[in-house]
Amino acid sequence: MDETAATHPRRGYRRMVIVVWVTILLLAGLLGGGIHLFRTEGELFWIIFSLEASVLVVLPVFTVKAELHFVTDRSAVDVREEFKNGDHPIAAWSAALADGDGTEAHENGVAYKTSALFGLRTGTVSYETEQQSNGDLLVRTRRNGSESVRNTVSIEATDEGGAMLTMAGGPVDRKHIFWLLQMVARGSCVQALFGEFGYGIVDASLDVGVRKS
């Protein structure tokens, strides 16, 4: 991967790590303050409040769906081929963070092995592209074998020889506030990464809701 393009996912990842640690420190500080008040004044409220706040931060209740519209100078044929072989911006995030020898191409996409916490945490993220009967492409993201994100990509040729793309989808499971904060932190880096691949965002919408069951 081009080093210039790789800088955006790496910057986004650092921002996500900062969000993780800031959130942990805030919750730990809140709990520590609550314990101090309990020991000095017998006040139990802040301990209960900090525990409830911690649960709310990691409670998966939100559904997230996004729709993005792109334009590119690449031809529709080239774009479709890139998505089929895994050489597309959705997979580029993992490509930039993958281990040096952690890339493996497969029949309908690509897989990346990544390490974190100095090698204590490892995982595999794979991207699979399926041709749909209506001509759209279905891109599945799997983490350690389990599907985590599903996107439908529609590709149309333009009169100028380029292409217009509509990407719609999102996580297949409910998400928590912690995850949403990390996505906000990396947001501009994702847009910059698409730009490095020659895709300009012309419109975007995000629907965050609460799943009741």
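The values are calculated or read from the model by the stated rules, or taken from the named source; none is laboratory data. Just so it is clear, the model here is predicted, and its values are computed rather than measured. Cβ: placed from backbone, ideal geometry, glycine included. Neighbour counts: every protein chain shown. The protein model used for the area step is the full one, side chains on, heavy atoms only, and it has no ligands, DNA or RNA in it. Shrake-Rupley method; radii C 1.70, N 1.55, O 1.52, S 1.80 Å.
Quick notes on this structure:
- Residue match in segment 95-103 (condition: within 19 Å of PRO9 (Cβ to Cβ), over 19 Å from the mean Cα position of the chain (by Cα) and open to solvent by 70 Å² or more (accessible area, probe 1.4 Å)): yes
- Residues of segment 180-213 that turn out to be among the charged types (D, E, K, R) and surrounded by 12 or more Cβ atoms within 10 Å (Cβ to Cβ), as a count: 2
- If the condition is being among the small types (Gly, Ala, Ser) and at pLDDT 85 or above, then segment 58-91 contributes ALA66, SER75, ALA76, ALA91.
- Filtered by the rule that a residue be open to solvent by 60 Å² or more (accessible area, probe 1.4 Å) and either more than 26 Å from GLY135 (Cβ to Cβ) or not hydrophobic (A, V, I, L, M, F, W, C) (or both), segment 154-176 gives GLU156, ASP159, GLU160, ASP173, ARG174.
- Applying the criterion of being among the aliphatic types (A, V, I, L, M) and either in contact with an Asp or Glu (Cβ under 7 Å, 6 or more places away or on another chain) or open to solvent by 50 Å² or more (accessible area, probe 1.4 Å) (or both) to the residues of segment 1-16, the residue that is modelled with the highest pLDDT is ALA5.
- Candidate set from segment 105-129 (those that are of a type in the set (S, T, N, Q) and either open to solvent by 60 Å² or more (accessible area, probe 1.4 Å) or modelled with pLDDT under 85 (or both)); member that is farthest from VAL17 (Cα to Cα): ASN108
- Some residue of segment 183-197 being assigned to a helix (DSSP H, G or I), out of contact with any strand residue (DSSP E or B) (no Cβ under 6 Å at 6 or more places or on another chain) and farther than 17 Å from ALA91 by Cα: yes
- Residues that are without any contact (Cβ under 8 Å) to a residue 12 or more places away in the chain, open to solvent by 80 Å² or more (accessible area, probe 1.4 Å) and of a type outside the set (D, E, K, R) within segment 25-47 comprise LEU25, LEU26, HIS36, PHE38, THR40, LEU44, PHE45, listed in sequence order.
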